[in-house]
Amino acid sequence: MEARRNEVLEMVARQGYVSIEEIARHFKVTLQTIRRDINELAGLGLLQRHHGGASLPSSVENVAYDRRQILHRDEKKALANTLAEHIPDNASLFINIGTTTEAVASALLLNHKGLRIITNNLNVANMLSDKEDFEVMVTGGVVRCRDKGLTGEAALNMIGQFRVDYGIIGISAIDTDGTLLDYDYREVQVAKAILANSRKVLLAADQSKVGRNAMVRLGHLNDIHSWYTDKMPKQPLLGVVEQADMQIHVAKSASFES
């Protein structure tokens with residue numbers, strides 16, 4: 001069921017709108033089965049339900065934080081573990097807002113020493129501050145109640161005072177031309193500051209982000225050094241990845257196709 005629903009999301013991302021009849025024919029299941037899938041995905045904010053079909057959700061509002069915490073949890077954990085393997089001891093890091101970057105923070109707690117972390121994510125700060133040999137700094141800014149993220153001029157000013165080894169960022173959407181997109185303009189400004197002040201930028205994003213419909217432009221895959229994900233992207237994005245000046249690292253896990 002989960003595999004079918006993930007493929008339904010991919011179909012809608014590719015086509016923009018797909019009818020229930022078309023989806024049912026593709027999977028050789030009943031219309032009632034697909035309606036249940038559509039209702040479940042719409043309830044999670046991943047699709048917009050219409051009479052007779054489904055389309056991409058709004059480009060201005062993300063899925064609620066508590067729902068994002070459970071969506072694609074295995075994929076996030078696997079790619080987070082892979083990313084953490086590439087972070088050496090005693091490195092300096094930026095970590096931004098997002099449930100995927102929170103998974104990376106959790107992975108960094110294992111087998112790492114002497115990290116110095118600057119973050120605008122209070123969840124990340126709370127998690128990493130439990131380790132005595134980590135130094136954790138929190139930016140200023142306005143706290144968003146929905147996800148404990150910090151945005152605004154204070155966050156931008158603090159990030160601009162540092163030059164770190166690795167900037168670890170998550171993203172809400174990746175267009176098929178490689179454009180990195182998000183929903184919140186203020187959050188994007190902080191992420192841009194992280195890109196500008198990191199020696200290497202590491203993107204943590206599973207393939208469910210591809211083709212999503214967000215409206216604020218952060219940058220392009222060419223702006224990052226490495227992308228950590230759960231499986232290789234499909235065309236046309238695969239062609240963009242192959243031409244981009246970046247590396248892609250695909251996590252391996254028994255719980256999903258790699």
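Here, each number is a calculation from the coordinates, and none is a lab measurement. Nothing here was measured: the structure is a model prediction, and the numbers come from that model. Ideal geometry is used to build each Cβ from the backbone, glycine not excepted, and the neighbour counts take in all protein chains shown.
Between Arg199 and Asp133, what length comes free when the chain is fully extended (0.36 nm per residue of separation minus the Cα-Cα distance, one decimal in nm)?
Residue separation times 0.36 nm, minus the Cα-Cα distance, leaves 21.5 nm.
Amide H neighbours of Ile168 under 5 Å, at least 5 residues apart or on other chains, H built in the peptide plane: list them.
Here Phe94, Ile95, Asn96, Leu202 satisfy the definition.
What order, most packed first, do the peptides 233-246, 101-114 have when packing is the mean number of other Cβ atoms within 10 Å of each residue?
101-114, 233-246
Give me the percent relative contact order of the chain, please, defined on Cα pairs under 8 angstrom at least 6 residues apart.
17 percent.
I need to check one value: relative contact order of region 130-179, counting alpha carbon pairs closer than 8 Å and at least 6 residues apart, in percent.
Over region 130-179, the number comes to 23 percent.
Multiplying the sequence separation of Arg49 and Asp89 by 0.36 nm and subtracting their Cα-Cα distance, what value in nm do you get?
9.7 nm
Determine which lysines satisfy two conditions relative to Lys192: a Cα distance under 23 Å, and not lying fewer than 8 residues away in the same chain.
By straight Cα distance, Lys192 reaches Lys76, Lys148, Lys200, Lys209.
Counting residues in the chain as N, plug N into 2.2 N^0.38 Å and put the Cα Rg over that result.
Scaled against compact globular proteins, the figure is 1.02.
Counting residues in region 162-258 as N, plug N into 2.2 N^0.38 Å and put the Cα Rg over that result.
Working it through for region 162-258, the quotient is 1.04.
About its Cα centre, what dipole magnitude does region 66-250 give when the only charges are +1 on Lys and Arg Cβ and -1 on Asp and Glu Cβ, stated in debye to the nearest 20?
It comes to approximately 260 debye.
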